[in-house]
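Before any comments, here is the structure.
The values are calculated or read from the model by the stated rules, or taken from the named source; none is laboratory data. Since this is a predicted model, take the numbers as computed values, not measurements. Cβ placement follows ideal geometry from the backbone for every residue including glycine, while neighbour counts extend to all protein chains displayed.
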Amino acid sequence: MRGWLTKRGLRSGTYSISDPRVAALFGGWGAPNYSGVEINESTALALSAVFRAAALISGTVASLPMPTFKERAGVRSQAPSFLDDPGGPLAATPFEWKETVLLHLVLHGNAFLRIHRDGFGAVIALEPIHPLSVSVRWRRPEETDVIGPKVFTATMIDGRSMNFDTTGMIHIPYMSVDGLRGLSPIAMARNSLGTAAAGDRAAAKMFNSGALMSGVLTPAEGEDVNDTEAKTIKAEVTRNAGGWENASDIAVINRRMTFTSWSISAEDLQFIASRQFQIEEIARWFGVPPHLLMQTEKQTSWGQGVESQNRAMGRTVLLPWTQRIEQRLSRLLPDRRWVEFDFAELERPTPEAEIGLLIQQTNAGLLTLDEARHRLNLGPIPGGDIVRIGGQPLVTEAAPAAPAQPALSPAPPADVDPATADIDQALSALSVVGRADPPVHTGAMVALLPSAADAARLAVDGGEPLDELHLTLMYLGDAAAIPAEAQALLVDQVERLVGGPVDADGFAVSMFNPTGPEPCIVLGVSGQSLDAIHGPVAAGVAEWAEACAVDVPAQHAPWIPHVTLQYSADVGQVAALVDRVGPITFDRIRVVFAGDATDIPLRTKVPA
């Protein structure tokens, strides 16, 4: 954690007028405080109701799983991502990370997360920065190199001031009136919290002054008691009448004394009632049911009343907090991937109700027996994967046999060796049936895709389709030989490896295989950033192939990065396409298995 204030508050130095600590120093951002008690993070958390409310919200949300999901071919499934451990392996645990982010939001109305990336631009960790250490402003028109609408200035723990744009800092705001910064709950509730803090101090002073005693002992009329005798009498009474060991005993005093019990006044009763009201007031500010703050005087604390309140808290209090986080973090993930908090355990019914519900769902065919048992942490059973209606297996009519299909891939020419030939030529020979429009692809590969503007510039009449222009990184062979599970794992592997857009240079137009099969005109591409992405992808594919027992064909060595523009033996076309040379930006990476393609956006800039 970085940027906490010193015990004395602001250190000597120069501070921006937009610095949140300066605003807090002069009473900005929030309601006025008429209680006379300064309210800040420390004094607010010193109030037991505030501490409990903040711990309840942050701890409950932190206990919820936060998985990443993906959608492929209309099917939703869980996927690994850096958000499984958002703080990184050497920082806070996932629970601690979520708890800290929620605590910043609940108290200050803002959470700031510094983005850490690896050498390839991929996000590897998010570091929470204390909200009082970060100031926010809108980007100025002349700041053309700033990405996003906001600029963040953070004061680090060593006193350094660092600037970030939206590629280096995530801002999760609470309710906002200007879109720049979220409203701070403890600042808006400053007057209410100040009143509660003043009540705490008044109570402490009352006990400290000794005003709360059991009674007063005074001499009866005609009795003359000096100071020494008064001390002796007090000691005797305390010894003989005080404590649990003297309960029901009889005290004897050899003087006539009058004992007056000390009772609480009506004003003191009002004071106690006002302190109870402050708990309800704090519960109102944070949206927490009072019974969860141990205030049960005016409500039922058992049965369906509390159960309904707990369920309502998840939907009306916790859900808005979690959705703010989900939507911001999902912007860091590739397309068709998102993160969400799982409320299933929080809203789980009683064991009796859950079992009854699972029985109804299995009898209705909504769940298999194995799926129902999985929810109860039980293992599968024989025949448990069969869908049943009313306890009977669901029988479907057999689908008609598909007509015989012609071979999808002709045998490769005798003089073409896929292990050593150019990758695109091998892909064409092995994976495309003729040059029909559209071609039938049966191969698998990982490739870079040019941006829409560059693809439009590179496209050739009669050449490769605009949406199929690519630069092959790895050729994987026949897609039919790769199991569906392995295909999904490769997509996950590639998504973890890639970073930002790749800037390269199309430097030459030439012809491959001018006298051999499938002659083609290609654009040679070079650039250090190509090697920077090709190396990790090749290593990742090799790791995946070994883990999934997939036989990947030998790749052409050396690797010759290029984009195939047109399949043609017309040498004159080479000169006609020279205008295609120039800078190229690849902004997507595509993983293809036959006709099933997954495009992964490359968002953060990778140096050329």
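Tell me, please, whether a residue that is at pLDDT 85 or above and more than 26 Å from SER77 (Cα to Cα) can be found in the range 293-314. So far as the range 293-314 goes, no, none of its residues is at pLDDT 85 or above and more than 26 Å from SER77 (Cα to Cα).
Could you check, for the range 503-524, whether at least one of its residues is under 40 Å from the mean Cα position of the chain (by Cα), assigned to a loop (DSSP other than H, G, I, E, B) and either assigned by TED's automatic domain parsing to the domain that holds ASP461 or in contact (Cβ under 8 Å) with a residue 12 or more places away in the chain (or both)? No, the range 503-524 contains no residue that is under 40 Å from the mean Cα position of the chain (by Cα), assigned to a loop (DSSP other than H, G, I, E, B) and either assigned by TED's automatic domain parsing to the domain that holds ASP461 or in contact (Cβ under 8 Å) with a residue 12 or more places away in the chain (or both).
Going by the conditions given, is SER135 closer than 18 Å to SER58 by Cβ and among the polar types (S, T, N, Q)?
Here the answer is no, as SER135 does not meet what is asked.
Scoring ALA597 on the criteria (1) more than 19 Å from ALA455 (Cβ to Cβ); (2) aliphatic (A, V, I, L, M); (3) modelled with pLDDT under 90; (4) not in a helix (DSSP H, G or I) leaves a single failure, condition (1).
So, in the range 99-145, of the ones that are touching a residue at least 60 places away in the same chain (Cβ under 8 Å) and among the basic types (Lys, Arg), which residue ends up surrounded by the fewest Cβ atoms within 10 Å (Cβ to Cβ)? Result: ARG137.
Could you grab me the full set of residues in the range 325-365 that are surrounded by fewer than 14 Cβ atoms within 10 Å (Cβ to Cβ), assigned to a loop (DSSP other than H, G, I, E, B) and among the aliphatic types (A, V, I, L, M)? Those that are surrounded by fewer than 14 Cβ atoms within 10 Å (Cβ to Cβ), assigned to a loop (DSSP other than H, G, I, E, B) and among the aliphatic types (A, V, I, L, M): ALA344, ALA364.
Of the residues making up the range 44-62, those that are surrounded by 18 or more Cβ atoms within 10 Å (Cβ to Cβ) and either in a helix (DSSP H, G or I) or without any contact (Cβ under 8 Å) to a residue 60 or more places away in the chain (or both) are ALA44, ALA49, VAL50, ARG52, ALA53, ALA54, LEU56, ILE57, SER58, THR60, VAL61, ALA62.
If a residue must be β-branched (Val, Ile, Thr), farther than 17 Å from SER330 by Cα and not in a loop (DSSP other than H, G, I, E, B), how many such residues does the range 63-95 contain? Spell out how you get there, then give the answer.
First, pick out the residues of the range 63-95 that are β-branched (Val, Ile, Thr): 68, 75, 93.
Remaining after also requiring farther than 17 Å from SER330 by Cα: 75, 93.
Then drop every residue that is not not in a loop (DSSP other than H, G, I, E, B), which leaves 75.
Selection size over the range 63-95: 1.
Take the residues in the range 539-548 that are exposed (fewer than 15 other Cβ atoms within 10 Å of the Cβ) and touching a residue at least 40 places away in the same chain (Cβ under 8 Å), then tell me which one is nearest to VAL522 (Cα to Cα). If we take residues in the range 539-548 being exposed (fewer than 15 other Cβ atoms within 10 Å of the Cβ) and touching a residue at least 40 places away in the same chain (Cβ under 8 Å), then GLU543 is nearest to VAL522 (Cα to Cα). State all residues of the range 113-124 that are in a strand (DSSP E or B) and either touching a helix residue (DSSP H, G or I) at 6+ places or on another chain (Cβ under 6 Å) or more than 17 Å from MET156 (Cα to Cα) (or both); if no residue qualifies, say none. The answer is ARG117, VAL123, ILE124.
Restricting attention to the range 148-157, which residues are closer than 15 Å to LEU132 by Cα and assigned to a loop (DSSP other than H, G, I, E, B)? Give the steps one after another, and end with the answer.
Here is the first cut: in the range 148-157, the residues closer than 15 Å to LEU132 by Cα are 152-157.
Those that are closer than 15 Å to LEU132 by Cα and assigned to a loop (DSSP other than H, G, I, E, B): MET156, ILE157.
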